[in-house]
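These notes are about the structure you will find just below.
Any read-out appearing in this document is the output of simple, stated calculations on the displayed coordinates, not a laboratory observation. The shown structure was predicted, so the numbers you read here are calculated from the model rather than taken from an experiment. Heads up, the Cβs are rebuilt from the backbone with ideal geometry, glycines too, and the neighbour counts pull from every protein chain shown.
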C-alpha cells in the first residue's frame with residue numbers, strides 16, 4: 001500500500017491533508033480517487049491508515065480509519081558516515097541504506113576523496129539527497145526518514161565519534177585475517193565491555209574510492225573508533241556502507257541474527 005510522509009500540521013484529529021508533490025503523485029501517478037486508501041506518517045509519533053474523502057489539484061483530504069503502530073524501525077540507530085564519493089554514488093548509499101534501516105547519513109571529507117567539493121551546490125545536493133531518502137523510506141515502509149547532515153570536515157567527524165555508543169572505522173587492512181577484526185567480533189567485544197544497551201547509537205565510517213590513509217586510521221582509533229574489516233575482499237565505496245549496515249542489523253537481531 002502506498003505510503004506518504006506528511007508534516008505534523010497536515011495531521012488532524014480525524015483527517016489529514018496531502019499537499020504539494022505528494023498530492024500530485026497520488027493524483028497523477030497513483031490515480032487516487034475518493035474511497036482509495038493509503039498510509040501516512042509524520043515521521044515522529046503518528047502513522048495512520050486513511051481513506052480519501054476529496055481529491056483535488058490543490059490537495060487531498062483523507063479521513064483517518066485507524067492509527068497504526070510505528071514498529072518498522074531498527075532498535076540499533078546506525079549512522080553511515082560516508083566520505084563523499086564521485087558521481088551519483090552517494091545517492092545509491094542513501095537510497096539503499098534507507099531501505100535497509102540506516103538512522104542517518106553524514107557525508108565527510110577525507111584525504112583520498114576524489115570528487116572536488118563545491119560548497120555552492122551543497123543546498124541543492126542536500127535537497128536531492130533528502131528527497132531520495134524520503135522516497136526510499138516510503139517505499140520500504142519506514143516509520144521515519146533518515147536525516148542527512150551537511151558535509152563534515154575530517155576534524156568535525158572525529159570530534160563527533162565520542163557522541164556515539166560505538167564507532168566502527170571500515171579499514172581494508174583489517175580485512176586481512178592475519179591481524180584484523182570484523183564487525184561481528186568488534187560488536188560482541190563492545191557488548192561485553194559496555195553491558196546491555198537496548199538502543200545503541202552506532203557510527204559506521206566508510207572511506208572514499210581511494211580508501212583511508214594510515215594517518216586517518218590512527219586518528220580515528222585515537223578518537224575512540226574501532227578499526228574493522230568487511231571481509232577479505234575489497235569493496236567499492238558505495239558497497240561498503242551497505243554491507244556494514246547489514247552486518248550490524250543482523251547482529252542486532254533485526255534480520256534474524258543471534
Once every Cα of segment 18-152 carries one equal point scatterer and solvent is ignored, give the base-10 log of I(q)/I(0) from the Debye formula at q = 0.14 Å⁻¹, two decimals. -0.73
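Order by neighbour count: 22, 63, 88, fewest other Cβ atoms within 10 Å first, most last.
On the way: 22 21, 63 15, 88 12.
The fewest-first ordering by Cβ neighbours comes to 88, 63, 22.
If you restrict to DSSP beta bridges whose two residues both lie in segment 34-152, what percentage is antiparallel, to the nearest 5?
On the way: 14 of 22 bridges.
Restricted to segment 34-152, the bridges split so that about 65 percent are antiparallel.
Provide the FRET efficiency to the nearest 0.05 for the residue 162-residue 29 pair, computing r from the beta carbons and using R0 = 51 Å.
So, using R0 = 51 Å, E works out to roughly 0.70.
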Computed on alpha carbon atoms, what radius of gyration and Dmax characterise segment 117-196, expressed in Å? 17.3, 46
Using 0.36 nm times the number of residues separating residue 194 and residue 232, minus their current alpha carbon distance, what extension gain do you get? 10.9 nm
Going by C-beta contacts inside 10 Å, put 192, 27, 84 in order with the fewest on the left. 192, 27, 84
May I ask you to list the residues of segment 1-28 whose amide nitrogen lies under 16 Å from a point 7 Å from Cα along the Cα→beta-carbon direction of residue 139? 1-5
Could you work out how far the C-alpha centroid of segment 36-59 sits from that of segment 63-85, in angstrom? 18
Starting from 0.36 nm per residue, how many nanometres of slack lie between residue 201 and residue 3 once their C-alpha separation is accounted for? 68.6 nm
Order the peptides 244-251, 113-120 from the highest to the lowest mean number of other Cβ atoms within 10 Å of their residues. 244-251, 113-120
P(r) over all Cα-Cα pairs of segment 3-68, 10 Å bins from 0 to the longest distance, whole percent per bin, short to long, reads 24, 62, 14
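Output the peptides 204-216, 147-159, 3-15 sorted from most to least packed, where packing is the average of other Cβ atoms within 10 Å over each peptide's residues. Present the calculation step by step, with values, prior to reporting the outcome.
On the way: 204-216: 19.8, 147-159: 15.8, 3-15: 14.1.
Going by the mean number of other Cβ atoms within 10 Å, highest first, we get 204-216, 147-159, 3-15.
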Run through the DSSP bridge list for the chain and note the antiparallel percent, rounded to the nearest 5. 45
Candidates 132, 39, 197, ranked by Gaussian network fluctuation over the chain, Cα under 10 Å, top entry: 197
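Would you mind calculating the gained length between residue 173 and residue 153 on full extension (0.36 nm times residue separation, minus the Cα-Cα distance), in nm to one decimal? If you can, show how the numbers build up before the last one.
Numbers: separation 20, 0.36 × 20 = 7.20 nm, distance 2.33 nm.
Taking 0.36 nm per residue and subtracting the Cα distance, the gain is 4.9 nm.
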Take residue 63 and residue 51, extend 7 Å from each Cα along the Cα→Cβ direction, and tell me the distance between the two endpoints in nm. 0.6
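What ranking, highest mean first, results for peptides 133-139, 89-95 when packing means the other Cβ atoms within 10 Å averaged over each residue?
89-95, 133-139
Any idea what the relative contact order of the chain is, in percent, if you count C-alpha pairs under 8 Å spaced at least 6 apart?
20
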If I take the Cα coordinates of the chain and project them onto the principal axes, what are the three extents in Å, biggest first? 64, 43, 29
